[in-house]
1. Per residue, what accessible area does the stretch 383-434 have, given a 1.4 Å probe and all protein chains present, in Å²?
2. Percent of accessible area on the stretch 546-588 owned by carbon and sulfur, 1.4 Å probe?
3. Can you flag which of 53/444; 112/149; 98/332; 83/476; 98/446; 14/325 are past 29 Å Cα-Cα?
4. Along the stretch 270-286, what does the Karplus equation 6.51 cos²θ - 1.76 cosθ + 1.60 (θ = phi - 60°) give for ³J(HN,Hα), rounded to whole Hz, x for Gly and Pro?
5. If the reach is capped at under 25 angstrom between alpha carbons, list the lysines near residue 595, excluding any in the same chain fewer than eight residues apart.
6. Viscosity 0.692 mPa s, temperature 37 °C: what is the translational diffusion coefficient of the stretch 279-436 from Stokes-Einstein with a Kirkwood Rh over Cα pairs, rounded to a whole number of µm²/s?
7. Quick one: which residues, 5 or more positions from residue 112 or on another chain, have an amide H under 5 Å from its amide H? H modelled 1.01 Å from N in the peptide plane, none for Pro or chain starts.
8. Which distance in nm do the two modelled labels at residue 540 and residue 300 give, with both placed 7 Å along the Cα-to-Cβ direction?
Amino acid sequence: MASPSSFITVQLKKASEVDLAKPLCKFIQQTYPGGESQAEHCRAAEELSKLRKSALGRSLDKHESSLETLLRYYDQLCSIEPKFPFSENQICVTFTWKDAFDKGSLFGGSVKLALASLGYEKTCVLFNCAALASQIASEQNLDSDEGLKAAAKHYQFASGAFQHIKDTVLSSLNREPTVDISPDTVGTLSLIMLAQAQEVFFLKATRALTSVQYEVFPLLAAKHCIMQANAEYHQSILAKQQKKFGEEIARLQHAADLVKTVASRYDEYINVKDLADKINRALTAAKKDNDFIYHDRIPDLKDLEPIGKASLVKPTPVAVPLSQKFTDLFEKMVPLAVQQALTLYNQRKAELVNRSIAQMREATNLANGVLASLNLPAAIEDVSGDSIPQSILQKSKSVIEQGGVQTIDQLMKDLPELLQRNREILDESLRILDEEEATDNELKNKFKERWQRTPSIELYKPLRAEGANYRNILDKAVQADKQVKERYQSHRDTISLLCKPEAELNAAIPSANPAKTMQGSEVVNVLKSLLSNLDEVKKQREQLENDLKSVNFDMTTKFLTALAQDGALNEEAISVTELDRLYGGLTHKVQETLKKQEELLNNIQNSHQEFSKMKQSNNESNLREEVLKNLAVANDNFVELVANLREGTKFYNELTEILLKFQNKCSDIVFARKTERDELLKDLQQSIAREPSAPSFPSVPAYQTGPAGGNKPPASSVPTPAPRTSVSNKPQPPARPPPPVISAANTLTTPGPAAAGPAASSISSAASTASSQAQGPPYPTYPGYPGYCQMPLPMGYNPYMYGQYNLPYTSSPMYQNPGQAPYPGPQQPSYPFPQQPYYPQQ
């Protein structure tokens with residue numbers, strides 16, 4: 001903290017190099033869709049990394065331009081704080097800073113601290129801003145008004161910055177800071193800077209002081225005496241004006257004593273001859289006048305009224321942006337609060353859309369089931385009794401065109417392979433967490449309280465919860481696969497029959513007496529009309545489904561506006577209102593189709609009862625009708641099984657991508673922990689090597705203390721302490737000599753630094769043991785950096801019980817909250833298989 005002037009300056013902290021571009025680009029690629037916006041954000045991340053290097057990676061001149069660079073970097077840190085989730089288990093960037101005060105300085109030894117905390121980086125950068133401001137202020141020409149004004153401005157800024165650190169450092173770090181940024185230290189520095197700003201204002205009025213080389217504590221004491229002397233001098237003038245001549249003399253005497261103290265004790269720091277001469281002249285004149293004219297009693301110093309304080313300056317509060325030239329590199333990137341609100345909005349939107357589509361598709365499945373159970377429309381088409389009804393022929397043709405049982409067989413064969421691939425990725429992800437956690441526990445047990453970092457078992461809790469969630473999904477998938485397989489086996493023969501050529505299919509359907517007399521009857525015409533109306537309802541639902549999927553509205557502007565106006569977001573209120581505006585009309589139409597279908601099905605069932613009474617019934621016709629019903633049901637099962645299996649394949653493939661990102665997240669954090677571990681091991685090794693060897697000397701035998709050996713004191717068993725680092729720059733006495741050599745036979749060898757060898761070697765062995773951590777994943781990893789919340793699960797394959805996690809509208813993997821179902825309607829007794837989701841992820 002030495003300076004060539006009489007003003008105190010603060011040294012800058014030193015930072016280790018950090019690449020901000022790589023982790024930020026990973027996060028951007030993971031969070032934002034590809035395109036120009038993503039590329040622009042990545043370029044901004046690279047510019048931020050360059051700005052840090054310019055601000056912290058070189059020695060800074062004591063110039064305004066250097067301070068401007070620091071201020072811009074601090075402003076940018078404040079800007080990205082709400083946009084990037086910096087933490088140990090999210091965007092894990094470790095910032096390492098050394099204590100600003102080296103050995104022999106005012107506040108203690110050299111220490112460094114590494115934390116994965118953006119708040120820590122901000123605190124240290126602001127410290128450097130204040131320190132550099134103090135240095136720039138000390139370089140000002142105080143013989144000019146401009147110089148005095150600039151010095152006062154910088155001291156006030158430094159005072160405010162140090163005060164801001166004092167108020168925020170503990171909450172920003174959540175752990176014990178280094179000494180230089182501790183509340184006590186920065187609080188003291190803030191007061192010193194403010195006092196120097198006040199002194200500059202005083203100098204502007206008096207131009208009183210000259211200076212030489214100084215040390216901090218003596219200089220502070222000298223300044224205190226000088227300021228007090230000046231105050232007493234000016235107060236004496238006021239006393240004279242009030243005709244309090246005794247008080248005038250008492251105050252001048254006190255001022256003279258103060259400057260005499262400075263001259264005798266601190267003459268090597270400050271020259272006070274001019275001030276002393278001025279006070280002594282005034283004191284001589286005042287005594288002379290009082291002795292010959294006024295004869296006023298001179299009061300004791302303790303009886304004088306204390307001089308009031310006058311604050312001429314105030315600390316400059318820290319108000320971002322500090323730089324007048326600041327331009328936010330990430331201006332177009334929305335804050336995390338808005339991103340989270342968008343994700344929650346998309347979840348609500350997906351739930352609403354999926355719920356509506358689920359209701360419509362379930363209703364359609366119900367209608368198909370009812371018609372199949374009534375053998376409609378085949379019953380009213382079967383006029384000959386020995387030919388295939390047209391509706392059955394159309395179903396057969398459709399199944400054959402889609403590949404029939406061969407398609408289902410192939411899809412069934414693919415599922416176990418996809419499931420196994422996902423299991424292996426998840427197992428590998430958790431394995432590397434287990435290995436790193438085991439290494440961390442081993443080092444914690446070895447070094448006890450020296451191993452000061454967040455335990456892996458605590459840090460990995462969110463990742464393990466996420467992994468357990470994925471494990472649960474895969475376990476449910478196994479059960480779902482089993483259900484699908486059982487269902488397929490029960491309907492495979494009928495589906496195979498539906499795939500036969502027309503002649504073979506016709507031969508497999510029993511013949512019966514014709515029902516030509518039923519054709520043209522009123523009940524048949526009514527049934528045909530009702531079935532036609534039901535088809536229209538189904539077509540209307542298809543259009544509604546497309547309309548629900550096509551609604552698109554960007555909520556970013558609404559959320560940003562609300563955040564700017566209120567400073568917070570009520571996402572639920574905003575989302576519910578907007579979703580009602582966008583989807584209210586469509587959901588109303590959905591409900592109308594459900595009511596209309598219910599009426600149609602009731603009428604169809606009533607008409608079919610009448611139709612059944614009129615139709616001739618015999619064993620042949622009953623058997624034929626049963627086969628036709630089974631063929632209709634087989635078609636419905638084929639359509640549903642193919643859809644389920646394709647959704648399942650799509651689900652597994654999308655889950656693979658998510659698990660690869662999860663694996664990438666695990667690999668990233670393990671790598672960051674390994675880097676942090678190696679740095680901590682290195683520091684511990686150096687710390688142990690610096691520890692005193694503390695040898696224990698044996699007591700001197702009694703016979704060696706006799707006259708022949710001289711009057712030597714017995715050797716102490718207490719080890720010689722290591723020499724202390726002196727705070728003062730004054731010469732120190734020589735180090736204590738080693739114990740005397742008693743005799744050649746009893747020469748003692750004092751252990752040196754090698755005494756720390758076993759501990760140091762244990763660290764090295766621990767490091768080599770841990771070198772196997774952070775192995776690369778066996779599967780290709782995606783470049784995206786993991787978000788700070790759980791990944792979204794892919795949409796689809798509700799029969800596999802995955803619908804509990806389907807959020808197809810989710811545009812960002814961040815903030816995903818699994819476990820929210822698409823609110824399907826109740827399932828029909830005749831369809832025990834869980835319903836499928838209806839809206840694929842886009």
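The values are calculated or read from the model by the stated rules, or taken from the named source; none is laboratory data. Everything numeric in this text was worked out from a predicted model, so none of it was measured. Positions of Cβ are generated from backbone atoms using ideal geometry, with glycine treated the same way; all protein chains shown enter the neighbour counts. Side chains included, ligands, DNA and RNA excluded: accessible areas come from the protein's heavy atoms. Shrake-Rupley method; radii C 1.70, N 1.55, O 1.52, S 1.80 Å.
1. Details: 2490 Å² over 52 residues.
Per residue, the stretch 383-434 has 48 Å² of solvent-accessible surface.
2. 49
3. Details: 53/444 34 Å; 112/149 36 Å; 98/332 34 Å; 83/476 36 Å; 98/446 26 Å; 14/325 25 Å.
From 53/444; 112/149; 98/332; 83/476; 98/446; 14/325, over 29 Å: 53/444; 112/149; 98/332; 83/476.
4. Once rounded to whole Hz, the list reads 9, 9, 10, 4, 5, 5, 5, 4, 4, 5, 5, 4, 5, 5, 4, 5, 5.
5. 349, 528, 538, 539, 549
6. Numbers: Rh = 28.6 Å.
Rounded, D is 115 µm²/s.
7. Distant-sequence amide H within range of residue 112: 99.
8. 10.5
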